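The values are calculated or read from the model by the stated rules, or taken from the named source; none is laboratory data. Remember, predicted model here, so these are calculated numbers, not experimental data. Every residue, glycine as well, gets a Cβ built from its backbone with ideal geometry; the counts of neighbours run over all protein chains shown. Quick note on the areas: whole protein, heavy atoms, side chains included, nothing else; ligands and nucleic acids left out. Shrake-Rupley method; radii C 1.70, N 1.55, O 1.52, S 1.80 Å.
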Amino acid sequence: MTTTIKDRYDILRNSPDLMRMDSAMLEELANHSGELTLQTNEKMLFNYENQHTVYIIVSGKLSFVLENHITGKQAIDEFEAGSLVGHFNARLSVKGNVSLVATEPTVLLSIENKTLTPLLDQSPSAQFQFDKTIRNIIHRGQFATYMSRLFGLYDPAGLKKLLGGIEWRSLNSGEILYREGDEGDSIYLILSGRMRATIDEGNGRHRLVTEMVSGETVGEVALLTRSERQSTLTAARDTVLARLSSTGFEKLTSSHPQIILRIARIVATRLRNQVANKAQQHQKGTTFVITPVHEGFDISEFVASFFETMKFTGSTACFTAQDIDKELDREGIANEPSTSIRNTDISQWLHKKEAAYENVILIADGPWSNWSERAIRQADHLLLVADFDSDVKQSEQEKKINALWDFSSHLKQSLILIHPADTTDISGTKHWLEERRIISFNHVRKEQSEDYARLSRILTGQANSLVLGGGGARGYAHIGVIRALEENGVTIDAVGGTSIGGIIAAAVALQYDSNRIFDLCSQYFRRFFDFTLPIVSLIKGRKIEKNLEGALGDKRIEDLFIPFFCVSTNLTRAEQVIHTRGSIADALRASMSLPAMVPPVIQSGDLLVDGGVLNNLPIDVMNDLYSGGKIIAVDISPKVDLASNESRLMSGSGLKLLFARLNPFRRKEYIPSIFDIISRSMTLAAVNKSMQTDEKSLASLYLLLSVEAVGTLEYERLQQIADLGYSSSINQITQWCRGNESN
């Protein structure tokens, strides 16, 4: 069949998708259109040559076929004469190949975008109608693909009937689909984007239950049980969903009963993950947006270095607004406002990139733009990048970002402060933080690849973090563990601890190696007890404060290149305190203030004491701060401790115990001191908690060191204890490192 120009004109004039184009436009299309003939079973693959072309079926019929290694070739939809088809390959993200296959001899008119686009630009109403058609084609293709994958629906005729009851819903990032307590009158299928389910816990707090991505159903539980919605569902992206009413769902399941079983499996898997308190892991689709804090700051050097190290954490792509314009073959499309009819095209393109890469980096414009706003709405994590020596005041760019906050409350924000390459000490970070509601912040030096690598691992949940427990002099064993880690080439990206573990952890955060940490302990932390009348405590604490100040000076936690925290206990409010900012010396002074031994620290009228009272090995804190990475936890509080056979002496007078200790001819038996007993008593609840909750399962490497023979006050045995830590850990650390190399 060969069509004349007049035939083509009539075909175009009768197409409902082009009905708003005038005669002159249709004549132009007819003159520049082509003709394609397919024989029965001949297929048209979507490739580069036809991705910028649309087709109108003149006669015949096409099946939309999905082919993969699991199901083989399956027809999941069909298009009849008069239908407009195309644009599938640039929008669909599926495993396998999609193609249109002629079920009978079929003739199509082909129209290239380079012909169509200038004509549509002349008529906003024609553009609106055409864009609506293209969106429907894309949504229909996505819906058919996901229905076949989720529910085994390979029924083009049945799908066509089902489409009559489907409503396409588009949500901007931050927009709510339904609220907790709403009526469950429909089920949704996510076609593109991401949704977050949260539960209201009162007092303005909302707990994240789970996240759902494209290809997943939502709202099925309330529909099946005819109950109210159990959570609030919010778009974490610009998201498109297909809504099926309860009536439509009943018709679907009556003709395809296997769908009920498959939905039950989906719900059961989701509930199992929630009960196990495990967030669903979506390896692909993490999107970062980089924006300069100040308009004139050139972030190109940061972007280049960051991109290079991000590639080592997983497949990574990086895009500017100009890149998207080029990819979509339309200048300025990335800067279309969110209300634009082309908004869906950009969102679909970004969705496809998220499905293809583990990390997607979007570069916002320096001056605020529609693209900057769109990129932020699309992101999981916003990176605010600034020169450390620039003005700390909030910029106009930041104020506009904050205005989006209510609509993007799921968005994480991190402040990245850039320093000269030769920077060794930082001071003044607190001024940056005082101006902002920023929780996460990082320091990087220009041209220092290890800083960028650490940042990349932290942001992608692949950080190597170290948690060091409390236990008095036994904490010197941590030095030996650090030496063993150094010998195996393990890089530490974040560190935290309690009491003596906090002191060693702070030294690691200061980027000291094991030898320097040993010297630091030898100089400042071997003799620091100044006894006093036991009214508040047995020790005055002034010597501890003096030694902490001598070792650490006025350094602050937020000025460290390696993130650090330590834990203390608020005795007044019976709660844990996590120190992530402020004076390192003050934080450690609180963290090691064992009740009855060391005076508590007064902070805002509350009494802070040793963190070991509630959390002697804060693995859970590290997991909350840097989840997803490898946690190395070092425990120096044995579950069985202070064993002694000297019952006669234990119940005797203090003078008798003193003579027994001083008698050089008496067989030496372990007799716990008052300090050992107080220390064990104060940390017993924390030790028991770790046993009951099995927090060590959160650690990738859990090291329980054999330090039972060391007294908690035997600080003079620094060398022996450090060597004991090394010998107790080196084999296990080496094996762990070899195991990670093979994975």
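The table that follows gives values for the structure above.
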read-out	value
Neighbour-limited loop hits for trypsin sites (Lys or Arg not before Pro), the range 214-246 (at most 14 other Cβ within 10 Å; DSSP other than H, G, I, E, B)	Arg226
Projected label distance in nm at Asp121 and Asn136, using a 7 Å step from Cα toward the beta-carbon	2.7 nm
Stretch gain in nm, segment Asp519-Val267, where the contour uses 0.36 nm per residue and the Cα spacing is subtracted	85.0 nm
FRET efficiency estimate (nearest 0.05) - Cβ-Cβ, Ser369 to Gln230, R0 30 angstrom	0.15
With DNA, RNA and ligands ignored, accessible area of Asp620 (1.4 Å probe; Å², nearest 10)	40 Å²
Inter-site label distance for Ser59 and Thr37 at 7 Å from Cα along Cβ, in nm	1.0 nm
Phi to ³J(HN,Hα) by Karplus 6.51 cos²θ - 1.76 cosθ + 1.60 over the range 162-174, Hz, x for Gly, Pro	5, 4, x, x, 9, 10, 7, 10, 10, 10, 7, 4, x
Cα gyration tensor, the range 279-433 - rounded (a/c under 1.5), prolate or oblate	prolate
Per residue accessible area of the range 303-345, 1.4 Å probe, in Å²	49 Å²
Distance-filtered residues of the range 180-208 - backbone nitrogen under 19 Å, label point 7 angstrom along Ser254 Cα→Cβ	185-187
Sparse-neighbourhood loop sites, trypsin sites (Lys or Arg not before Pro) in the range 347-424 - DSSP loop, at most 14 other Cβ within 10 angstrom	Lys393
Signed unit charges on C-beta, dipole axis of the range 425-484, positive-most listed residue Gly471, Gly428, Leu459	Gly471
Residue-span extension gain [Ala709 to Leu163] - 0.36 nm each, minus C-alpha spacing	189.2 nm
Per-residue HN-Hα couplings for the range 312-327 [Karplus 6.51, -1.76, 1.60; θ = phi - 60°; Hz; x = Gly/Pro]	7, 8, x, 4, 9, 10, 10, 9, 9, 4, 5, 4, 5, 4, 5, 5
Förster radius 45 Å - calculated FRET efficiency between Lys412 and Asp22, Cβ distance, rounded to 0.05	0.35
Distance between modelled label sites at Ala356 and Ser315, nm, 7 Å Cα→Cβ extension	0.9 nm
Average Cα contact separation per residue, the range 112-243, under 8 Å, 6 or more apart, as relative contact order %	31 percent
Förster radius 41 Å - calculated FRET efficiency between Glu104 and Ile199 (Cβ-Cβ, nearest 0.05)	0.15
Sequence of His419, His69 from largest to smallest accessible area, 1.4 Å probe	His69, His419
Exposure ranking of Lys132, Lys555 by accessible area [1.4 Å probe, largest first]	Lys132, Lys555
5 angstrom amide H check on Tyr178, placed H, neighbours 5+ away	Leu233
